[in-house]
1. Regarding B:Pro19, is this residue more than 22 Å from the chain's Cα centre (by Cα) and within 9 Å of chain A (Cβ to nearest Cβ)?
2. I'd like to check which strands (runs of 3 or more DSSP E) are fully inside the range B:310-412 and have at least 3 residues that are surrounded by fewer than 20 Cβ atoms within 10 Å (Cβ to Cβ) and in contact with a Ser or Thr (Cβ under 7 Å, 6 or more places away or on another chain).
3. Can you find a residue that is assigned to a helix (DSSP H, G or I), buried (at least 19 other Cβ atoms within 10 Å of the Cβ) and either within 12 Å of chain A (Cβ to nearest Cβ) or at pLDDT below 95 (or both) anywhere in the range B:51-58?
4. Please go through (1) open to solvent by less than 30 Å² (accessible area, probe 1.4 Å); (2) touching a residue at least 12 places away in the same chain (Cβ under 8 Å) for B:Glu168 and return the number of the only condition it doesn't satisfy.
5. Does the range B:122-148 hold any residues that are open to solvent by 40 Å² or more (accessible area, probe 1.4 Å), within 21 Å of the chain's Cα centre (by Cα) and among the small types (Gly, Ala, Ser), and which are they?
6. Can you pull out the residues in the range B:198-229 that are surrounded by fewer than 24 Cβ atoms within 10 Å (Cβ to Cβ) and modelled with pLDDT under 95?
7. Taking the range A:163-185 only, how many residues are more than 7 Å from chain B (Cβ to nearest Cβ), at pLDDT below 75 and closer than 24 Å to B:Phe258 by Cβ?
8. Here's a check for you: in the range A:140-151, which residue that is open to solvent by 10 Å² or more (accessible area, probe 1.4 Å) and within 7 Å of chain B (Cβ to nearest Cβ) is farthest from A:Arg172 (Cα to Cα)?
Amino acid sequence: MNHDTYDDSYIREILNGVKTIAMVGASPVNVRPSYFAFKYLAQRGYDMIPVNPGQVGKSLVGKPFVASLRDIDRPIDMVDIFRNSEAALPLVEEALALNPLPKVIWMQLGVRNDEAAAKAEAAGLKVVMNRCPKIEYGRLSSEISWMGVNSRTLSSKRAPVPTQGMRLSLNRVSVGGGGTNAADRAARNKNDPA
Amino acid sequence: MTDRLPGFATLAIHAGAQPDPTTGARATPIYQTTSFVFNDADHAASLFGLQAFGNIYTRLGNPTNAVLEERVAALEGGTAALAVASGHAAQVVTFQALLQPGDEFIAARQLYGGSINQFTHTFKSFGWNVVWADADDIATFERAVSPRTKAIFIESLANPGGSVTDIEAISAIARKAGVPLIVDNTLASPYLIRPIDHGADIVLHSATKFLGGHGNSIGGVIVDAGTFDWSRDNKYPILSEPRPEYHGIKLQETFGNFAFAIACRVIGLRDLGPALSPFNAFMILTGIETLPLRMQRHCDNAKAVAEWLSNHPAVAAVNYSGLPGNRYNNLARKYSPKGAGAVFTFSLKGGYDAGVDLVSNLKLFSHLANVGDTRSLVIHPASTTHSQLTDDAKTKAGAGPDIVRVSIGLEDKEDIIADLDQALRA
C-alpha cells in the first residue's frame, strides 16, 4: 500500500482496534518525545509496555521496562518503533517471530523503512510509517485542536471533557480541507529534496 | 474506504468548532479569561513542558482563538495555524521564527504600504534585512537570492495595485533556494486563492479584512502548510535545534509537520506577546461563517463597478485584474477564477486634484484606511497608507499620486455606482 499518505479511516481503525502497545525505544527522560507519547497513550487507556534494554529495572509512568519484545508476558496488538529507520527491519523480524503475531507495526514520525514494511504486510500486519500515534489520536479525537492544529475532522456532537484514563471517540467526520495536499507535498519533499 | 471531503462552505461553518463540552453551547463561546486551572502539579508541568494538549494562559492560547486557528488552517489547507493580534503581528512572529540578526529575506515590491514600512524600518532594527524584488519580473527574485536568504515574501493579490502574483513561479525559486515561500493571502482569502495548493509554505492573513469582513475587529493569522523541512540544514535553528527553555526539545522532531505553527506560538507569541483577544476571535469566526457568500458578492460587485468606471469619460485607467485586457487578467483567470477580489485602484484624467475631490464628494463610500469591509471604502493611498514611501516606491507599489483605491462592499451595486456617478459629476 501507499505509505506517503493514509486515509483517516485506516488510522482510525488501528487506534480503535489495538489495546496493548509495546513502545520500542521508550525513554525515561521526560523531555523526549517518546516519553510524552507513551504517557499520553497510557492516559488514554492503552495498555503500554516500554521496551528498552538499557532501562530494565526501571519503570516509565509506573510501567516496568522490558529488554525486548520477546520478554513481554502477554499478547501485544501493536509495536510502536521509536528508533531510527535502520533499526526498524530487525525489530519487525523480531515482531514476526512472536506468537501470537501483533496486528500492527507503527513507525514514529521521521522513521520509515519500506523493506521492513513490506515484510510485515506480507505476514498480514498493518503498517503505519512516519506518524506519531499521540498526534494521530489527538487529531482524530480533536483534542489536538487546543493547539490550533487542523484535526481535519468535524463533529456536531458535544465534546467530552477529557479525564484521566478516558478513551475519546475517534469517530468524527473526516474532512480533506485540502490538508492532505500539503501533507502529500511534505512527504514528497522529504523523500526528494530539491 | 476513502474519507469523504466536505466543501469549502461546510468547512467555513464547522471546521474547528464543536458544541461546548460543559454547556452544550452550539456557537463557539467567548472564553474571556486570562488563565486556566490545572488538574494537578503533574498536569501543570506537562502543559508547561509542551507534553500535553491543553490551556495555560491566554497569551499562549485560548479555546476561542483555537477554533479560529483550526478553521483558517482548514480553509487554507494547512496543518495548523496561530491567531495573533494583527496582520502586522503575524509578520513579526513569522520572521522571528525564521531569521537571525544579519539574515535576509526577499519581498515583492508590490505590497501593502504598512508591510513595506515594517520591513524597511522596524525590521532593520532587529537586524533583519529585506531585499526587494519585482513580482512583474520573476527573474529579479532569482537574482536576489544570497547565502543569507531565509525566506521569500509575496502577496497573492497585491494591495493596492490590483496585481496578481505568479505564486507557482516564485515558489519554484524558493524551492531551489531551499527557503520557505510566505504568501500574504489577505486580499484574496482562501475562498479565491489557496496559496498552499500553488507552493506556499506559510500563509499569513490580516484577519481584519475579508476573513472578519465586517470592519469591527483587528486580528492576524499564521498558517503552517506543513510542507517545509526545517531540519535539512542548519538554517532555522529555532525549529531544528534543542530549545533550552523547553528542556532541550527540538520542535520539528517533536511536532513534525506543524512545528512552525508551534514555534510561532511557544516562542514568538509567548515572548513577543501579541495575543489576540478572544472577543475578536469570536467576531472574526462569525465573519468567516459567511466568507464564501460575502467574497463572491464582493467580487461580483467589484467587477460591475470596475466595468462601469472603465467606460466613464473622467476615468483615465482602471487597474482591476478581473477586466479583460488588464495585464494581470491571465494570472487572475489562473489563480483566482471565481473573481479578482474587491480591492482595486483607478486614476482620473484630472490627476491628483480630481482624486482628492472624488474622495470628498462620495456619500456612500467611507473614506478610511481599511479594506474588506461590508461597506464600500475609498482612500487616496499616496497621501495616507503609502505616504511614508518615496515617490518612486509609491509608483512601484501601484500607489502613484493620481491613484484612488476602493474596496467594494456588499451594498447593491446600483447604489455603489450611483454614488461614484454623483461624485464624479460634482
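The values are calculated or read from the model by the stated rules, or taken from the named source; none is laboratory data. All values derive from a computational prediction rather than experimental measurement. Backbone-built Cβ (ideal geometry, glycine too); neighbour counts: all protein chains shown. The accessibility values were calculated without ligands, DNA or RNA, using every heavy atom of the protein model including side chains. Shrake-Rupley method; radii C 1.70, N 1.55, O 1.52, S 1.80 Å.
1. Working: more than 22 Å from the chain's Cα centre (by Cα): yes; within 9 Å of chain A (Cβ to nearest Cβ): yes.
Spelling it out, B:Pro19 is indeed more than 22 Å from the chain's Cα centre (by Cα) and within 9 Å of chain A (Cβ to nearest Cβ).
2. Numbers: elements: B:315-319, B:343-348, B:377-379, B:403-407.
By residue number, no strands (runs of 3 or more DSSP E) qualify.
3. Quick first cut of the range B:51-58, residues assigned to a helix (DSSP H, G or I) only: none.
Scanning the range B:51-58 turns up no residue that is assigned to a helix (DSSP H, G or I), buried (at least 19 other Cβ atoms within 10 Å of the Cβ) and either within 12 Å of chain A (Cβ to nearest Cβ) or at pLDDT below 95 (or both).
4. If we test B:Glu168 against (1) open to solvent by less than 30 Å² (accessible area, probe 1.4 Å); (2) touching a residue at least 12 places away in the same chain (Cβ under 8 Å), just (1) comes out false.
5. Those that are open to solvent by 40 Å² or more (accessible area, probe 1.4 Å), within 21 Å of the chain's Cα centre (by Cα) and among the small types (Gly, Ala, Ser): none in the range B:122-148.
6. Result: B:Asp229, single match.
7. Number of matching residues: 2.
8. Going through the range A:140-151, the residues open to solvent by 10 Å² or more (accessible area, probe 1.4 Å) turn out to be A:141-143, A:145-147.
With the extra rule that they be within 7 Å of chain B (Cβ to nearest Cβ), the set shrinks to A:142-143, A:145-147.
Values: A:Ser142: 9, A:Glu143: 12, A:Ser145: 13, A:Trp146: 16, A:Met147: 18 Å.
Looking at residues that are open to solvent by 10 Å² or more (accessible area, probe 1.4 Å) and within 7 Å of chain B (Cβ to nearest Cβ), I get A:Met147.
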